[in-house]
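Asks: Have a look at this one.
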Number of protein chains: 2
Amino acid sequence: MRPVSRAGEAGLLRSIFKTFGGPGRGPILLGSGDDAAAIRVPAGRALVVSQDDQVEGTHFQRSWTDPYRLAGRLIRINLSDLAAMGGARPLACTVSAGLPASLPEAWFRRFLSGLAAHSRRHGLPVAGGNLSRSSRLFFSLAIFGSLPPRSLVRRSGARPGDILAGVGPVGDAAAGLRLLRGKRPVPGWARPLVRRFWEPEPRLNEARRLAGRASSMMDNSDGLRRSIETLAASSGKGFAVRLDEIPASRPLARWCGQRRISLRRFQLDGGEDYGLLFTVPPRDWAAVQKAVPAVYRLGEATVGRGVRIDGSGRSRGFEHFR
Amino acid sequence: MRPVSRAGEAGLLRSIFKTFGGPGRGPILLGSGDDAAAIRVPAGRALVVSQDDQVEGTHFQRSWTDPYRLAGRLIRINLSDLAAMGGARPLACTVSAGLPASLPEAWFRRFLSGLAAHSRRHGLPVAGGNLSRSSRLFFSLAIFGSLPPRSLVRRSGARPGDILAGVGPVGDAAAGLRLLRGKRPVPGWARPLVRRFWEPEPRLNEARRLAGRASSMMDNSDGLRRSIETLAASSGKGFAVRLDEIPASRPLARWCGQRRISLRRFQLDGGEDYGLLFTVPPRDWAAVQKAVPAVYRLGEATVGRGVRIDGSGRSRGFEHFR
């Protein structure tokens with residue numbers, strides 16, 4: 001397998017510019033191939049920016065990773081941040097790659113194919129980026145979107161009495177990650193869990209229907225418990241939470257059953273879901289249920305601080321550095 | 001020394017939000033601390049975006065790196081990309097950090113201080129970012145600026161007869177990097193070279209004076225020879241280059257003399273300079289010299305392709321993957 005060091009930076013850049021360059025289209029005035037890219041932001045809209053990474057050994061292992069799917073996940077988790085602000089419309093992204101000299105060129109080319117395919121599917125042109133040599137493989141994607149400033153939904157707007165709710169599967173992706181990390185082949189019935197890990201669904205449409213109604217919103221990528229705690233801390237409020245309405249997929253229930261672990265606790269602490277967590281004033285709850293039928297109710301915001309969760313023991317969410 | 005793993009992600013994020021968060025100011029509608037940041041782009045201006053990284057073992061070694069200065073370099077090299085597009089006005093940036101669990105917390109806090117200080121100095125608010133665990137320390141900065149679309153200067157506009165010129169020191173930063181990598185202490189007379197490495201000057205003001213006159217422009221961070229070749233390839237033209245007008249600092253001449261290496265060849269192949277390389281139609285050359293007195297002339301664009309350099313042997317520019 002020819003390593004990227006044989007292709008050299010010039011060779012890699014040529015294929016990158018061929019894939020992502022060319023004259024500007026849509027919001028792109030100038031794409032990949034110059035010192036920077038230039039993008040047209042629609043008048044009257046705010047620019048929404050975020051950055052999220054995938055690092056080998058932390059977020060994925062090459063042994064169980066298809067680079068095509070990894071590229072898709074990188075795009076999807078960043079789109080999820082645009083969703084969490086109120087469903088910002090994607091404009092473009094830039095991607096930095098840190099590549100070990102020994103990385104097979106074919107691996108990187110497959111990553112680029114995945115990036116191109118998901119970029120088209122999600123209407124998110126890759127407008128530029130950077131290549132570095134790095135003994136540890138990593139990708140850092142910066143995403144740009146736009147939305148009317150009044151549609152911006154922050155983490156800090158929950159008021160006492162507001163209903164806490166979520167949308168999107170809970171726990172599937174974390175189980176999928178454990179299946180990938182495991183030594184055994186993934187049985188057919190469990191493959192949807194693995195798919196949830198690689199293909200978290202950015203909730204852009206749901207977020208747009210919630211914007212204007214939700215008093216606070218974020219994505220729940222760090223696990224439901226920790227995300228609820230973050231929303232509480234950002235809003236300076238507390239939450240009384242019940243777990244009985246959280247949706248549980250059939251494969252997840254089966255997987256938890258086989259491993260004799262508590263489904264509810266796993267859903268609380270799993271992480272990787274990239275669904276939305278939000279609050280709405282009680283008067284808007286019926287409208288929200290109608291606009292986004294898949295929402296599930298988690299509880300209510302309280303005057304006092306702190307999060308009380310019924311029907312679960314204490315345990316920790318995902319902590320990146322431990 | 002307490003490692004970052006002891007502080008934990010939550011503790012690190014708290015100090016990051018304390019340093020960079022808070023209510024929006026200037027173009028920042030919503031800064032660090034939410035799923036994404038929101039930025040106001042002035043009406044009628046194009047958004048200019050770029051991303052550039054610093055990876056341990058590739059761009060720096062911890063043994064000779066002050067994290068405060070590293071943060072400054074990260075900001076400056078990205079500002080240089082805004083300059084190279086025609087002097088785009090900085091709006092904000094986001095920063096992703098990949099941190100080994102064993103990294104001393106004090107090291108990272110000093111990096112954050114440097115980021116905050118340089119962010120203020122250059123009017124470039126840090127609007128967000130990401131923290132990941134990574135066995136290899138890296139930083140990826142995405143920068144956002146704005147400029148009127150008609151001020152955009154690409155790499156591809158050189159026409160036959162245009163004068164090829166540059167601005168900024170050439171070779172100093174590369175010598176500074178070699179001094180840092182060396183085993184010996186840096187003598188007093190050579191410290192300006194090290195400073196050029198850590199503090200490359202983003203040529204925003206010069207670039208603004210060149211925009212509207214320059215037919216093509218880029219920064220010369222990959223070495224003068226390679227940058228000239230890139231500009232030639234992007235424009236589909238050639239260049240006839242002479243080296244006699246390139247400025248050479250006294251410490252660089254002394255350093256090259258001591259090592260018995262050719263000053264001109266070192267300047268051609270050094271890299272790390274982050275000066276500007278550009279072309280202007282001959283009729284505008286006098287005006288450019290008046291507007292930016294420090295410019296030096298390198299040659300002319302030719303009809304035929306390829307770069308001919310007088311007064312130097314063949315050698316290679318910086319190749320990231322070899």
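The values are calculated or read from the model by the stated rules, or taken from the named source; none is laboratory data. Treat the numbers as computed from the prediction; the structure is a model and nothing was measured. A quick note on method: Cβ atoms are made from the backbone with ideal geometry, for glycine too, and the neighbour counts reach across all protein chains shown. The protein model used for the area step is the full one, side chains on, heavy atoms only, and it has no ligands, DNA or RNA in it. Shrake-Rupley method; radii C 1.70, N 1.55, O 1.52, S 1.80 Å.
Asks: When region A:162-185 is examined, which residues are found to be in a loop (DSSP other than H, G, I, E, B) and either over 16 Å from A:W255 (Cβ atoms) or open to solvent by 10 Å² or more (accessible area, probe 1.4 Å) (or both)? Before the answer, list the steps.
Replies: Taking region A:162-185 as the starting set, the residues that turn out to be in a loop (DSSP other than H, G, I, E, B) are A:162, A:168-171, A:182-185.
A:D162, A:G168, A:P169, A:G182, A:K183, A:R184, A:P185, listed by residue number.
Asks: Related question: Regarding A:S5, is this residue more than 9 Å from chain B (Cβ to nearest Cβ), outside any strand (DSSP E or B) and either surrounded by fewer than 21 Cβ atoms within 10 Å (Cβ to Cβ) or on the phi > 0 side of the Ramachandran plot (or both)? Spell out how you get there, then give the answer.
Replies: Numbers: more than 9 Å from chain B (Cβ to nearest Cβ): no; outside any strand (DSSP E or B): yes; either surrounded by fewer than 21 Cβ atoms within 10 Å (Cβ to Cβ) or on the phi > 0 side of the Ramachandran plot (or both): yes.
So A:S5 does not fit the description; no.
Asks: Between a residue in region B:292-305 that is of a type in the set (V, I, T) and any residue that is not in a strand (DSSP E or B), which pairs come within a Cβ distance under 7 Å, given they are 6 or more apart or on different chains?
Replies: As it stands, the answer is B:V292/B:E206; B:V292/B:R209; B:V292/B:L210; B:V295/B:V288; B:V295/B:Q289; B:T302/B:P160; B:T302/B:K237; B:V303/B:P160, since those pairs meet every condition given.
Asks: On to the next question. Here's a check for you: in region B:95-110, which residue that is touching a strand residue (DSSP E or B) at 6+ places or on another chain (Cβ under 8 Å) and in a helix (DSSP H, G or I) is nearest to B:A36 (Cα to Cα)?
Replies: First pass over region B:95-110, keeping only residues touching a strand residue (DSSP E or B) at 6+ places or on another chain (Cβ under 8 Å): B:95-105, B:108.
Those left that are additionally in a helix (DSSP H, G or I): B:105, B:108.
Numbers: B:E105: 25, B:F108: 22 Å.
Going through the qualifying residues, I end up with B:F108.
Asks: Hey, another quick one. Could you run through region A:124-150 and say how many residues are free of Cβ contacts under 8 Å to residues at least 60 places away in the same chain and either open to solvent by less than 10 Å² (accessible area, probe 1.4 Å) or more than 14 Å from chain B (Cβ to nearest Cβ) (or both)?
Replies: 3
Asks: Here's a follow-up. Given the options B:A286, B:A253, name the one that is without any contact (Cβ under 8 Å) to a residue 40 or more places away in the chain and in contact with a helix residue (DSSP H, G or I) (Cβ under 9 Å, 6 or more places away or on another chain).
Replies: Unique residue meeting the criteria: B:A253.
Asks: Here is a further query. Among the helices (runs of 4 or more DSSP H) confined wholly to region A:236-308, which include 3 or more residues that are surrounded by fewer than 12 Cβ atoms within 10 Å (Cβ to Cβ)?
Replies: Details: elements: A:250-259, A:263-269, A:285-291.
Ranges flagged: A:250-259.
Asks: Among B:G161, B:G168, B:G114, B:G129, which is modelled with pLDDT of 95 or more and within 30 Å of A:P100 (Cβ to Cβ)?
Replies: Numbers: B:G161 fails: within 30 Å of A:P100 (Cβ to Cβ); B:G168 fails: within 30 Å of A:P100 (Cβ to Cβ); B:G129 fails: modelled with pLDDT of 95 or more.
After applying the criteria, what remains is B:G114.
Asks: Name the pairs: first residue in region B:257-282 and over 14 Å from B:G176 (Cα atoms), second residue of a type in the set (V, I, T) and assigned to a helix (DSSP H, G or I), Cβ to Cβ under 8 Å, at least 6 apart or on different chains?
Replies: Close Cβ pairs satisfying both conditions: B:L277/B:I228; B:V280/B:V288.
Asks: Go through region A:55-64 and count every residue that is surrounded by fewer than 23 Cβ atoms within 10 Å (Cβ to Cβ), under 21 Å from A:I77 (Cα atoms), more than 8 Å from chain B (Cβ to nearest Cβ) and not basic (K, R).
Replies: 3
Asks: Of the residues B:R155, B:R159, which single one is outside any strand (DSSP E or B), open to solvent by 10 Å² or more (accessible area, probe 1.4 Å), within 28 Å of B:T230 (Cα to Cα) and more than 7 Å from chain A (Cβ to nearest Cβ)?
Replies: Step by step, each of B:R155, B:R159 is checked, and only B:R159 is outside any strand (DSSP E or B), open to solvent by 10 Å² or more (accessible area, probe 1.4 Å), within 28 Å of B:T230 (Cα to Cα) and more than 7 Å from chain A (Cβ to nearest Cβ).
Asks: Checking the condition crowded, with 24+ Cβ neighbours inside 10 Å and under 30 Å from B:L179 (Cα atoms), which residue from B:L70, B:L82 passes? I'd like the intermediate steps shown before the answer.
Replies: On the way: B:L70 fails: crowded, with 24+ Cβ neighbours inside 10 Å.
Among B:L70, B:L82, only B:L82 is crowded, with 24+ Cβ neighbours inside 10 Å and under 30 Å from B:L179 (Cα atoms).
Asks: Looking at region A:31-54, can you tell me whether even one residue there is more than 10 Å from chain B (Cβ to nearest Cβ) and either open to solvent by 50 Å² or more (accessible area, probe 1.4 Å) or not aliphatic (A, V, I, L, M) (or both)? Talk me through it step by step, then tell me what you get.
Replies: If we filter region A:31-54 for residues that are more than 10 Å from chain B (Cβ to nearest Cβ), which is where we start, we get A:31-32.
With either open to solvent by 50 Å² or more (accessible area, probe 1.4 Å) or not aliphatic (A, V, I, L, M) (or both) added as a condition, the list becomes A:31-32.
Taking every residue of region A:31-54 in turn, at least one turns out to be more than 10 Å from chain B (Cβ to nearest Cβ) and either open to solvent by 50 Å² or more (accessible area, probe 1.4 Å) or not aliphatic (A, V, I, L, M) (or both).
Asks: Taking only region A:257-314 into account, find how many residues are farther than 18 Å from A:G223 by Cα and out of contact with any Lys or Arg (no Cβ under 6 Å at 6 or more places or on another chain). Before the answer, list the steps.
Replies: The initial filter retains those residues of region A:257-314 that are farther than 18 Å from A:G223 by Cα, namely A:257-260, A:280-294, A:300-305.
Imposing the further condition that a residue be out of contact with any Lys or Arg (no Cβ under 6 Å at 6 or more places or on another chain) reduces the set to A:257-260, A:281-283, A:285-287, A:289-290, A:293-294, A:300, A:302-305.
The qualifying residues number 19.
Asks: Would you mind telling me which numbered condition in (1) within 7 Å of chain B (Cβ to nearest Cβ); (2) more than 21 Å from A:P200 (Cβ to Cβ) A:L103 fails?
Replies: Answer for A:L103: the failing condition is (1).
Asks: Quick one: in region B:8-29, which of the residues that are within 7 Å of chain A (Cβ to nearest Cβ) and open to solvent by less than 20 Å² (accessible area, probe 1.4 Å) is farthest from A:D34 (Cα to Cα)?
Replies: Within region B:8-29, the first condition is being within 7 Å of chain A (Cβ to nearest Cβ), and the residues that meet it are B:8-9, B:29.
Still in the list and also open to solvent by less than 20 Å² (accessible area, probe 1.4 Å): B:8-9.
Working: B:G8: 38, B:E9: 35 Å.
If we take residues in region B:8-29 being within 7 Å of chain A (Cβ to nearest Cβ) and open to solvent by less than 20 Å² (accessible area, probe 1.4 Å), then B:G8 is farthest from A:D34 (Cα to Cα).
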